[in-house]
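Visitor: Before anything else, here's the structure in question.
The values are calculated or read from the model by the stated rules, or taken from the named source; none is laboratory data. This is a predicted model, so every value here is computed, not measured. Methodologically, a virtual Cβ is constructed for each residue, glycine included, from the backbone with ideal geometry; neighbour enumeration extends over all protein chains shown. In case anyone asks, the SASA skips ligands and DNA or RNA and just uses the protein heavy atoms, side chains included. Shrake-Rupley method; radii C 1.70, N 1.55, O 1.52, S 1.80 Å.
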Amino acid sequence: MDDAQNGEAFSPITVHNFSERILEQVIHFHVMKLSGGFFLWVGSSPVLSNLAVSMSSRYDSMPLSTLVMGDPSNTAPNSLAQRLAKKTKKQVYVSYSLPMTNSNISLLVEDRIKKEVELHPEHF
């Protein structure tokens, strides 16, 4: 049920969790649906090591993206947030807390997220 807040509709935050074994490693995904966007955490252990945010811009076809916290040399959270913002047309927060030891894992993780978006669009 939506409540009115300052004249605007207010939707509650909903949570969706799923896990997948990818290249012999269990990867956990945590999605919090927000009003107008979502927060996605990806990791194998409960650590929030970085945070990126991305959103569409009327001035550029590629969404704007910035790293809010974490190591700026790790481009994974920014890149993933930007691609998800472009795909979903929403504001996206991403924390990508996986070691960058295997470049294939990033592609497989992103494929798994896209599959989940297609299967359960109501959570994104």
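Visitor: Express the carbon and sulfur contribution to the solvent-accessible surface of the chain as a percent, rounded to the nearest whole number, probe 1.4 angstrom.
Guide: 54 percent
Visitor: Using a simple charge model, +1 on the beta-carbon of Lys and Arg, -1 on the beta-carbon of Asp and Glu, nothing else, what dipole does the chain show about its Cα centre, in debye to the nearest 20?
Guide: Roughly 280 debye, rounded to the nearest 20.
Visitor: Could you tell me which residue out of Ile105, Ser61, Leu48 lies farthest along the dipole of the stretch 16-124 toward its positive end? Charges go on the beta carbon: Lys and Arg +1, Asp and Glu -1, centred on the Cα centre.
Guide: Farthest towards the positive end: Ser61.
Visitor: What fraction, in whole percent, of alpha-carbon pairs in the stretch 12-79 exceed 18 Å separation?
Guide: In whole percent, the share of Cα-Cα pairs in the stretch 12-79 beyond 18 Å is 51.
Visitor: For the stretch 31-89, run through the chymotrypsin sites (Phe, Trp or Tyr not before Pro) and keep only the ones in DSSP coil with at most 15 other Cβ atoms within 10 Å of their Cβ.
Guide: Tyr59
Visitor: Right, something else. Treating the angle as unsigned and between 0 and 90°, give the value, to the nearest 10°, between the Cα long axis of helix 103-119 and the longest Cα principal axis of the chain.
Guide: Between the helix axis and the principal axis of the chain, the angle is about 30 degrees.
Visitor: Using a 10 angstrom cutoff on alpha carbons, build the Gaussian network for the chain and name the most mobile of Met69, Met55, Met32.
Guide: Met69
Visitor: What's the longest uninterrupted piece of the chain once you rule out the trypsin sites (Lys or Arg not before Pro) that are loop residues per DSSP with at most 13 other Cβ within 10 Å?
Guide: The longest such stretch corresponds to 1-57.
Visitor: Let me ask something else. Helix 76-88 sits at what angle to the longest principal axis of the chain, using alpha carbons and giving 0 to 90 degrees rounded to 10?
Guide: The answer is roughly 40 degrees.
Visitor: What FRET efficiency comes out for Met100 versus His120 if R0 is 30 angstrom and r is the Cβ-Cβ distance? Round to the nearest 0.05.
Guide: For Met100 and His120, the calculated efficiency is 0.65.
Visitor: If I model the stretch 41-124 as equal point scatterers sitting on the Cα atoms and use the Debye formula, what is log10 I(q)/I(0) at q = 0.21 Å⁻¹?
Guide: Ignoring solvent entirely, the Cα scatterers give -1.02.
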